[in-house]
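Heads up, the thing below is written out as structure tokens.
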Amino acid sequence: MNNVFVYCEISEEGHVAEVSLELLSKGRKLAHELGVKLEAIAIGSKIQHVSQEIFPFGVDVLHIADDSRLSPYRTLPHASIVIGLFQEKQPEIVLFGATSIGRDLAPRVASALRCGLTADCTALEIGDHTEPKTGKEYKNLLYQIRPAFGGNIIATIINPDTRPQMATVREGVMKKEIFSPDYIGVVEKLDVNAYLKETDFVVEILERHIEPQKLNIKNAQIIVAGGYGVGTPENFKLLYELADVIGAQVGASRAAVDAGLADHERQIGQTGVTVRPKLYIACGISGAVQHRAGMDQSAQIISINKDPNAPINQIADYVIIGDVAEVLPKMIKYYKQNSK
Amino acid sequence: MTFRIVVLAKQVPDTRNVGKDAMKADGTVNRAALPAIFNPEDLNALEMALRMKDNIAGAEVIVVSMGPGRAAEIIREAMYRGADRGYLVTDRKFAGSDTLATSYALSLAVKKLEPYQILIAGRQAIDGDTAQVGPQTAEKLGLPQITYAEELLSIDKQNVIIRRRLERGVETVKSPLPVCITVHGSAPACRPRNAKLVMKYKHARTTTELQEETRDYTELLHERPWLHIQEWSVEDLKAETDKLGLAGSPTKVKKIDNVVLQHKESKVLTASDNDIDWLMKELISSHIIG
């Protein structure tokens, strides 16, 4: 069997993106289970140093394409290199971050290689499959698991006959784990000109404004999150007030973001950030599966909801049946009076 | 030479408003319970296409949709808002297509409209949220791609300048034509229907719809050919059937699980002062907060 590959995204600051390190951690486990090697590909300008960031995650081979024309990211040159390398190496599995780069690049690569691609997976597992019609058996396929259809179903997707099996995963879904601080793999420097064409550079970047990451909801220990049920911007302010008092970050469900109650960068769930804080306070969130996919690993969950039957109550440790506008001020008041 | 803008649009079940009857007892999706709508980001794409048309004399906007017969509804809707013509890619043999097979079929349809300068679509459809069909269609057509377009900054017959919305900022890019653009939901909303266009296009019909009509459209269509929404089948596209439908889709659904929540032992409280105070005390004493 061939190897597992991870496309390592390089951040604005020249480091390997968090999501890529998380995927290397997952990729290491998948490679181990399959008894194959883990390989990574990093594309950018002046990025020789990233090997030090990548090898501790258990990478056996790191392919580096280093050229001044390869940063900032542009679709066509990155796609040409990735496609060319994969045609040579025939990977078994490839993982991309479900970022604005990964979601731009991966489909282009999948189309060229005529292979399957599953977006926004929330779990990846190795498993077998028997084709119901033909009885044909497949060993060690990648199960690509994701919510689908408005989150009413969880689908397990497989690619029985085509390789590589490709998936994108959002930041925070997989756990980042150093494999061994001293792990050393092999660096393969790619001859970029062997992969690139003149026409790969037709799209010009005229201007960029990339802001440093302002919010760090993902690593927050406590999150106060609001849903559509919070109702008004005034009520939403109560969430900020509570968060301020107890030292939490404010998150939101997609419904709240769509209703304009919160910014997109606060969105938690399948199409937002995935979090696993020690305490998650869900205010007026009904708990669609996409939202739960982004927070159900929280150590403790409190749900504040007027609806006793809200789906989120079933995964909550504490359920407060009541109005957010009534409950939050009481929590703030108690904390102010009783904390040191 | 005309300046041709091709818009890819999809009719989708409105997964944003899923009611309790959305799932059948056997765990499959009850499509009948979900209203079919114009995919939201495809409307943003249509608006960007119409703005291009506003800027280039003689430009035309052609809508292509792939789906069942009823998807003609969104082609008419696009016409009411300013699209000039429409095509419906429809055939039972397309059923079960994943994004790769879908982009193959769409690429063949778009090829029939050559020469075009712009191919434009929403970033993603709300029934799948994959954002894959745009880039995959671009790859099959050998076009450069501009994803997550937020604003059209300038367009002429050779180049387009677009501002893209990224996770942590924006980027302005310039591409020669033809190019494939996918439009982000933060782009300007689509203009509403225009009453004159509704009058002009209310009789637009697909070939299949015409066969079901009781009145005779022959003369009307002869005078106003734009009212005919042509249908393209697998045969019309000269598509290879092993690249379509389930057979042409590398991704297979192994299993669908209806979402059943794991029940936790939850403690149910009221909004009373006593209950809230008890909970806060519990959280503070167990060092979860404070």
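Quick one: which of B:LYS93, B:LYS111, B:LYS157, B:LYS140 is over 27 Å from A:LYS197 (Cα atoms), in contact (Cβ under 8 Å) with a residue 24 or more places away in the chain and not β-branched (Val, Ile, Thr)?
On the way: B:LYS111 fails: over 27 Å from A:LYS197 (Cα atoms); B:LYS157 fails: over 27 Å from A:LYS197 (Cα atoms); B:LYS140 fails: over 27 Å from A:LYS197 (Cα atoms).
Result of the check over B:LYS93, B:LYS111, B:LYS157, B:LYS140: B:LYS93.
Out of segment B:123-150, which residues are of a type in the set (A, V, I, L, M, F, W, C) and at positive phi? First the steps, then the outcome.
Filtering segment B:123-150 for residues of a type in the set (A, V, I, L, M, F, W, C) gives B:125-126, B:131, B:133, B:138, B:141, B:143, B:146, B:149.
Scanning segment B:123-150 gives a single hit, B:ALA131.
Take the residues of segment A:254-273 that are closer than 16 Å to A:ASN216 by Cα and small (Gly, Ala, Ser): which is surrounded by the most Cβ atoms within 10 Å (Cβ to Cβ)?
Within segment A:254-273, the match that is surrounded by the most Cβ atoms within 10 Å (Cβ to Cβ) is A:GLY269.
Testing A:ILE217 on (1) within 16 Å of A:GLY27 (Cβ to Cβ); (2) outside the structural domain of A:VAL82 (by TED's automatic domain parsing), one condition comes back false. Which one is that?
Looking at each condition in turn, A:ILE217 falls short on (1).
Condition test on B:ALA187, is it surrounded by 16 or more Cβ atoms within 10 Å (Cβ to Cβ), of a type in the set (A, V, I, L, M) and under 25 Å from A:PRO107 (Cα atoms)?
Working: surrounded by 16 or more Cβ atoms within 10 Å (Cβ to Cβ): yes; of a type in the set (A, V, I, L, M): yes; under 25 Å from A:PRO107 (Cα atoms): yes.
Yes: the conditions hold for B:ALA187.
Taking segment A:297-340 as the search range and keeping residues that are at the interface with chain B (Cβ under 7 Å from one of its Cβ atoms) and aliphatic (A, V, I, L, M), which one is surrounded by the fewest Cβ atoms within 10 Å (Cβ to Cβ)? If you could, list the steps in order and put the result at the bottom.
Filtering segment A:297-340 for residues at the interface with chain B (Cβ under 7 Å from one of its Cβ atoms) gives A:300, A:311, A:313-323, A:326-327, A:330-331, A:334-335, A:338-339.
Adding the requirement that they be aliphatic (A, V, I, L, M) leaves A:315-316, A:319-321, A:327, A:331.
Numbers: A:ILE315: 20, A:ALA316: 24, A:VAL319: 23, A:ILE320: 28, A:ILE321: 18, A:VAL327: 27, A:MET331: 25.
Within segment A:297-340, the match that is surrounded by the fewest Cβ atoms within 10 Å (Cβ to Cβ) is A:ILE321.
Could you list, in sequence order, the residues of segment A:103-129 that are part of a helix (DSSP H, G or I) and either crowded, with 22+ Cβ neighbours inside 10 Å or within 19 Å of the chain's Cα centre (by Cα) (or both)? Working first, answer last.
Here is the first cut: in segment A:103-129, the ones part of a helix (DSSP H, G or I) are A:103-113.
Across segment A:103-129, the qualifying residues are A:ARG103, A:ASP104, A:LEU105, A:ALA106, A:PRO107, A:ARG108, A:VAL109, A:ALA110, A:SER111, A:LEU113.
Residues in segment A:276-288 that are of a type outside the set (Lys, Arg), surrounded by fewer than 23 Cβ atoms within 10 Å (Cβ to Cβ) and closer than 27 Å to A:GLU18 by Cα: how many? Break it down into steps so the answer makes sense when it comes.
Restricting attention to segment A:276-288, the residues satisfying the condition of being of a type outside the set (Lys, Arg) are A:277, A:279-288.
Retained after the next criterion (residues that are surrounded by fewer than 23 Cβ atoms within 10 Å (Cβ to Cβ)): A:279, A:286.
Remaining after also requiring closer than 27 Å to A:GLU18 by Cα: A:279.
Number satisfying all stated conditions: 1.
Report whether or not B:THR206 is at pLDDT 95 or above, of a type in the set (S, T, N, Q), farther than 30 Å from A:THR99 by Cβ and surrounded by 15 or more Cβ atoms within 10 Å (Cβ to Cβ). First the steps, then the outcome.
On the way: at pLDDT 95 or above: yes; of a type in the set (S, T, N, Q): yes; farther than 30 Å from A:THR99 by Cβ: yes; surrounded by 15 or more Cβ atoms within 10 Å (Cβ to Cβ): yes.
Considered against the rule, which asks whether it is at pLDDT 95 or above, of a type in the set (S, T, N, Q), farther than 30 Å from A:THR99 by Cβ and surrounded by 15 or more Cβ atoms within 10 Å (Cβ to Cβ), B:THR206 comes out as yes.
Would you mind telling me which numbered condition in (1) closer than 26 Å to A:GLU204 by Cα; (2) outside any helix (DSSP H, G or I); (3) touching a Leu at 6+ places or on another chain (Cβ under 6 Å) A:LEU95 fails?
(1)
Just checking, does segment A:244-254 include any residue being under 23 Å from B:SER272 (Cβ atoms) and either in a helix (DSSP H, G or I) or modelled with pLDDT of 90 or more (or both)?
We begin by selecting, within segment A:244-254, every residue under 23 Å from B:SER272 (Cβ atoms); these are A:245-246.
Still in the list and also either in a helix (DSSP H, G or I) or modelled with pLDDT of 90 or more (or both): A:245-246.
Checking segment A:244-254: at least one residue is under 23 Å from B:SER272 (Cβ atoms) and either in a helix (DSSP H, G or I) or modelled with pLDDT of 90 or more (or both).
One line per residue, one yes/no per condition, for (1) at the interface with chain B (Cβ under 10 Å from one of its Cβ atoms); (2) in contact with a His (Cβ under 9 Å, 6 or more places away or on another chain):
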{"residue": "A:ILE145", "(1), (2)": "yes, no"}
{"residue": "A:ALA148", "(1), (2)": "yes, no"}
{"residue": "A:ILE154", "(1), (2)": "yes, no"}
{"residue": "A:ILE158", "(1), (2)": "yes, yes"}
{"residue": "A:ARG163", "(1), (2)": "yes, no"}
{"residue": "A:VAL169", "(1), (2)": "no, no"}
{"residue": "A:GLU177", "(1), (2)": "no, no"}
{"residue": "A:SER180", "(1), (2)": "no, no"}
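State whether the residues of segment A:209-221 include one that is over 30 Å from B:ILE161 (Cα atoms) and in a helix (DSSP H, G or I).
No, segment A:209-221 contains no residue that is over 30 Å from B:ILE161 (Cα atoms) and in a helix (DSSP H, G or I).
Taking A:VAL173 and the conditions (1) at negative phi; (2) out of contact with any Cys (no Cβ under 8 Å at 6 or more places or on another chain); (3) not in a strand (DSSP E or B), which numbered condition does it fall short on, given that it satisfies the others?
All conditions pass for A:VAL173, except number (2).
Take the residues of segment B:31-45 that are over 16 Å from B:PRO188 (Cβ atoms) and at pLDDT 95 or above: which is nearest to the chain's Cα centre (by Cα)?
B:ASN39
Go through segment B:108-128 and give me each residue that's of a type in the set (A, V, I, L, M) and either over 20 Å from the mean Cα position of the chain (by Cα) or more than 28 Å from A:ALA167 (Cα to Cα) (or both).
Filtering segment B:108-128 for residues of a type in the set (A, V, I, L, M) gives B:108-110, B:113, B:118-121, B:125-126.
Once the filter is applied, which keeps residues that are of a type in the set (A, V, I, L, M) and either over 20 Å from the mean Cα position of the chain (by Cα) or more than 28 Å from A:ALA167 (Cα to Cα) (or both), segment B:108-128 yields B:LEU113, B:ILE118.
Can A:TYR138 be described as part of a strand (DSSP E or B), within 20 Å of the chain's Cα centre (by Cα), of a type in the set (Phe, Trp, Tyr) and surrounded by fewer than 23 Cβ atoms within 10 Å (Cβ to Cβ)?
Working: part of a strand (DSSP E or B): yes; within 20 Å of the chain's Cα centre (by Cα): no; of a type in the set (Phe, Trp, Tyr): yes; surrounded by fewer than 23 Cβ atoms within 10 Å (Cβ to Cβ): yes.
No, not satisfied.
If only one of B:LEU108, B:LEU153 is facing chain A (nearest Cβ under 10 Å) and surrounded by fewer than 23 Cβ atoms within 10 Å (Cβ to Cβ), which one is it?
Details: B:LEU108 fails: facing chain A (nearest Cβ under 10 Å).
Exactly one residue qualifies, and that residue is B:LEU153.
Which residue out of A:ALA288, A:ALA256, A:ALA293 is under 18 Å from A:GLY231 (Cα atoms), touching a residue at least 24 places away in the same chain (Cβ under 8 Å) and out of contact with any helix residue (DSSP H, G or I) (no Cβ under 6 Å at 6 or more places or on another chain)? Even if it seems obvious, please write down each step before you answer.
Details: A:ALA256 fails: out of contact with any helix residue (DSSP H, G or I) (no Cβ under 6 Å at 6 or more places or on another chain); A:ALA293 fails: under 18 Å from A:GLY231 (Cα atoms).
Testing whether each residue is under 18 Å from A:GLY231 (Cα atoms), touching a residue at least 24 places away in the same chain (Cβ under 8 Å) and out of contact with any helix residue (DSSP H, G or I) (no Cβ under 6 Å at 6 or more places or on another chain) leaves just A:ALA288.
Got at least one residue in segment B:157-179 being over 22 Å from B:ALA125 (Cβ atoms) and away from chain A (no Cβ under 12 Å)? Outline the logic, then answer.
Let us first name the residues in segment B:157-179 that are over 22 Å from B:ALA125 (Cβ atoms), namely B:157-161, B:163, B:168-178.
Restricting the remaining residues to those that are away from chain A (no Cβ under 12 Å) gives B:157.
Yes, that holds for at least one residue.
Out of segment A:189-229, which residues are within 22 Å of A:SER11 (Cβ to Cβ), more than 14 Å from chain B (Cβ to nearest Cβ), in contact (Cβ under 8 Å) with a residue 60 or more places away in the chain and surrounded by fewer than 17 Cβ atoms within 10 Å (Cβ to Cβ)?
Listed by number, the list holds a single entry, A:LYS189.
Given the structure, is B:ALA59 surrounded by fewer than 22 Cβ atoms within 10 Å (Cβ to Cβ), modelled with pLDDT of 95 or more, touching a helix residue (DSSP H, G or I) at 6+ places or on another chain (Cβ under 6 Å) and hydrophobic (A, V, I, L, M, F, W, C)? Please lay out each step first, then the result.
Numbers: surrounded by fewer than 22 Cβ atoms within 10 Å (Cβ to Cβ): yes; modelled with pLDDT of 95 or more: yes; touching a helix residue (DSSP H, G or I) at 6+ places or on another chain (Cβ under 6 Å): yes; hydrophobic (A, V, I, L, M, F, W, C): yes.
Judged against the criteria, B:ALA59 is a match.
Filter segment B:129-148 for residues that are out of contact with any Cys (no Cβ under 8 Å at 6 or more places or on another chain), at the interface with chain A (Cβ under 7 Å from one of its Cβ atoms) and more than 21 Å from B:ARG168 (Cβ to Cβ) and give the result.
Looking only at segment B:129-148, we keep the residues that are out of contact with any Cys (no Cβ under 8 Å at 6 or more places or on another chain), and these are B:129-133, B:136, B:139-140, B:142, B:147-148.
Restricting the remaining residues to those that are at the interface with chain A (Cβ under 7 Å from one of its Cβ atoms) gives B:129-132, B:136, B:139-140, B:147-148.
Of everything in segment B:129-148, those that are out of contact with any Cys (no Cβ under 8 Å at 6 or more places or on another chain), at the interface with chain A (Cβ under 7 Å from one of its Cβ atoms) and more than 21 Å from B:ARG168 (Cβ to Cβ) turn out to be B:THR130, B:GLN132, B:GLN136, B:GLU139, B:LYS140.
Can you work out which of the residues in segment B:129-177 that are of a type in the set (Ser, Thr, Tyr) and closer than 25 Å to A:LEU113 by Cα is nearest to the chain's Cα centre (by Cα)?
First, the residues of segment B:129-177 that are of a type in the set (Ser, Thr, Tyr): B:130, B:137, B:147-148, B:154, B:172, B:175.
With closer than 25 Å to A:LEU113 by Cα added as a condition, the list becomes B:130, B:137, B:147-148, B:175.
On the way: B:THR130: 11, B:THR137: 13, B:THR147: 14, B:TYR148: 14, B:SER175: 23 Å.
The selected residue is B:THR130.
In segment B:215-266, what count of residues is obtained for those that are within 11 Å of another protein chain (Cβ to nearest Cβ), at pLDDT 90 or above and either in a loop (DSSP other than H, G, I, E, B) or in contact with an Asp or Glu (Cβ under 7 Å, 6 or more places away or on another chain) (or both)?
6
Return yes or no: is B:GLY86 within 14 Å of chain A (Cβ to nearest Cβ), under 21 Å from B:ALA59 (Cβ atoms) and buried (at least 21 other Cβ atoms within 10 Å of the Cβ)? Outline the logic, then answer.
Values: within 14 Å of chain A (Cβ to nearest Cβ): no; under 21 Å from B:ALA59 (Cβ atoms): yes; buried (at least 21 other Cβ atoms within 10 Å of the Cβ): yes.
It is false that B:GLY86 is within 14 Å of chain A (Cβ to nearest Cβ), under 21 Å from B:ALA59 (Cβ atoms) and buried (at least 21 other Cβ atoms within 10 Å of the Cβ).
The values are calculated or read from the model by the stated rules, or taken from the named source; none is laboratory data. Just so it is clear, the model here is predicted, and its values are computed rather than measured. Every residue, glycine among them, receives a Cβ derived from its backbone with ideal geometry; neighbour counts consider all protein chains shown.
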